[in-house]
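Below: the structure, in structure tokens.
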Amino acid sequence: MHPPARKDYVSVTFGEQSGGKYNNGKQWRRQSCWRKWKQLSRLQRSIVLFSLVLLLLFGMSSYPTLQYQMCMAETELGGAAGLPVPPRVLPEPGKVQPDTPERPEGPELPSPGLKKGPHRRGPPVLQGRQQKRWNTWRGAVLVVEGRPSDGTKAGDNKEDSPGQPPEMSPKEIEALRLEAVRDSFRHAWRGYKEFAWGHDELRPISKSYGEWFGLGLTLIDALDTMWILGLRDEFAEARAWVNSELSFNKNVDVNLFETTIRILGGLLSTYHLSGDQMFLEKAKDIGSRLMPAFKTPSKIPYSDVNIGKGTAHPPRWTSDSTVAEVTTIQLEFRELSRLTQDPQYQDAVGEVARQVHQLEGKQDGLVPMFINTNSGQFTHQGVFTLGARADSYYEYLLKQWIQGGKKETQFLEDYLQAIEGVKKNLLQKSSPSGLSFVGELSHGQFSPKMDHLVCFLPGTLALGAHHGLPDDHMELARKLMETCYQMYAQMETGLSPEIVHFNTYEGSIRDVEVKPADRHNLLRPETVESLFYMYRFTKDTKYRDWGWEILQSFNKYTKVPTGGYTSISNVRDPNYPSPRDKMESFFLGETLKYMFLLFSDDPELVDLDRVVFNTEAHPLPIWPPAPQEGN
Ligand code: DMJ
């Protein structure tokens, strides 16, 4: 009735094989494999399957890296795929970068006369491998139209013939560096536009995108940067997207803090810079959608809000919020109230600040890292840091005082007390070079650990000193700035890791240690931010030179030829810094903006007596005195 397919198959095939004929047909091979598989014991089969799964997982995890290498190979070989290439991250030093067509026509610019190498100011050699780093770095001169920017010919060995670079006027140096930042921005933007337009973050190696909130985070974070850099065409395109595509009426959970500092802050500052009402309307929309976060038993906000449903909740595993997160939304909500004449925003964040001001559990003005949304009390007490989870609490104490016209004295008092607390509890010197650093305290135990995030502090201290706070704040700022710079300069790539540990024991060989898990660089802004403030207030050009070095290191180790920049996993390996395939929105929102402002000598561009930057580098106005106060 029905042919016993399996039997026919077996009989025909085996008959031929047993008859001595050689059969290498596809069907035979398949069937033979199947027989062998059936003959295996259960254990053997499990081992084979397990190995296959392992192989698959390994293949998947190395996919972005492979793609990256192929992308590099294509670039280096002019598209000749298939040839073996070493796993370089960027084209050889001295080669024209693939984005050179974007460079404006014009005279070839000689080097700004940077002094490079260990003869630079600063402490003596801190890492055994520093010499190697400098040798590597020397090759990384910027190339314009096929010629390095220091006036040597491409390929010249500067070790053999150091030469004297032609002198440049300060104006020429400024122009060169500003254009270099614009180039970097354009390059990053090109990748975002091509592969991630309207999405949250560019994944430059896989030429795709990542979503966090699904709100075009990078585009919004970058709006005021484009305005400040004078990139009007790019700005116009982005504005059109915000106007016609951006909708906050979405069933999506967003983080209150991140959305406030990046999106609300970005829209408000862009409104102020451009005068375009559309940005204010969008700011009002997102601001009001974030308000459900404050409906908690204590009025300390939840971390997450669903901006479509109007509901809010803490993370799944706790009812705590992070102290930095609930105390770093004030500048933005206060400004929203001022602009809309609707006090609800300012009232909500003011209540949080009022409660934190009077809470028990601080040590010399230093705050713990967590706060409970039910009780309104600090939790996990006894641990103090100026890094992750507490950092911008201190920043916003000072900045709220400045924003409000220096009248809200409780912010100033808390800030001054906290800086004394830092000096007393967290400030130490490294060995052997005596770098001042800010460590952490855990139940009375000091840890010499410092996050890169702490490098906001020199800039904030300098800003306070500019606004009349004690001179010793500026002294501390100078010392910490040096340390933050060394966190870059002492690494083989010239880029800082996420976290360092300082040696404090006399007789240590080096000052800085980096644990394997801490070797990543996420293109963070804090050091460049502080360099900007330090240069503004001291006019010491070494801060600009340090920023210039850092920009070149970003270009050398994180720039992806097909567009965009990537976070890396290993700042200690200049041969393969392990790209992570992600460009954080703050690279455009903050890092490149502060870099540009560092190099610009136009005090009008951002006047620090009239604006205050939010923690995501979005400038907001310092409130003018009310009319009756002015009289
Ligand atoms: C940014 O989102 C902000 O600067 C924030 O205050 C800290 N983290 C990132 C940048 O590192």
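Just so you know, all these numbers are worked out from the coordinates, no wet-lab data involved. All of these numbers come straight from a predicted model, not from anything done at the bench. Neighbour counts are summed over all protein chains in view; Cβ atoms, including those assigned to glycine, are modelled from backbone coordinates with ideal geometry.
Taken one residue at a time, the phi angles of the stretch 500-513 give Karplus couplings (6.51, -1.76, 1.60, θ = phi - 60°) of 10, 10, 9, 7, 10, 7, 4, x, 4, 7, 9, 7, 10, 10 Hz. Gly and Pro are set to x. Under 5 Å from the amide H of Asp304 lie the amide H atoms of Leu256, His313, each residue being 5 or more positions distant or on a separate chain, with H modelled from the backbone and absent for Pro and chain starts.
Of the trypsin sites (Lys or Arg not before Pro) in the stretch 425-498, which ones lie in a loop per DSSP and count no more than 16 other C-beta atoms within 10 Å? Passing sites in the stretch 425-498 do not exist. Put simply, the amide H of Ser447, placed in the peptide plane, has neighbours under 5 Å in Glu440, Leu441, Ser442, leaving out anything fewer than 5 places away on its chain. Between the alpha-carbon centres of the stretch 537-590 and the stretch 256-286 there is a gap of 27 Å. Among the trypsin sites (Lys or Arg not before Pro) in the stretch 558-631, those located in a DSSP loop and surrounded by at most 15 other Cβ atoms within 10 Å of their own Cβ are Arg610. Placing pseudo-labels 7 Å out from each Cα toward the beta carbon at Glu506 and Phe446 gives an inter-label distance of 1.5 nm.
How big is D, in µm² s⁻¹, for the stretch 472-517 by Stokes-Einstein at 37 °C and 0.692 mPa s if Rh is the Kirkwood radius over C-alpha pairs?
280
Once the convex hull of all Cα atoms in the stretch 384-534 is built, its volume per residue stands at 114 Å³. The calculated FRET efficiency for Asp602 paired with Gln44, based on their beta-carbon distance and R0 = 60 Å, is about 0.25.
Taking a ≥ b ≥ c as the square roots of the Cα gyration tensor eigenvalues, the stretch 330-439 comes out prolate, since a/c reaches at least 1.5 and a/b is larger than b/c. Exceedance of the 27 Å cut-off in Cα-Cα distance is limited, within the set Lys171/Lys593; Lys424/Lys479; Lys515/Lys582; Lys295/Lys593; Lys515/Lys556; Lys282/Lys309, to Lys295/Lys593.
Express in nm, to one decimal, how much length is gained between Ala388 and Glu172 on full extension, taking 0.36 nm for each residue of separation and deducting their alpha carbon distance.
Answer, rounded to one decimal: 73.9 nm.
Using θ = phi - 60° in the Karplus curve 6.51 cos²θ - 1.76 cosθ + 1.60, the 3J(HN,Hα) couplings for the stretch 198-211 round to x, 9, 6, 9, 7, 10, x, 7, 7, 6, 9, 9, x, 10 Hz; x is entered for Gly and Pro. Scaled against the 2.2 N^0.38 Å expected of a compact globular protein of N residues, the Cα radius of gyration of the stretch 349-409 reads 1.14. When the alpha carbon coordinates of the stretch 484-569 are projected onto the principal axes, the ranges are 44, 35, 16 Å, largest first.
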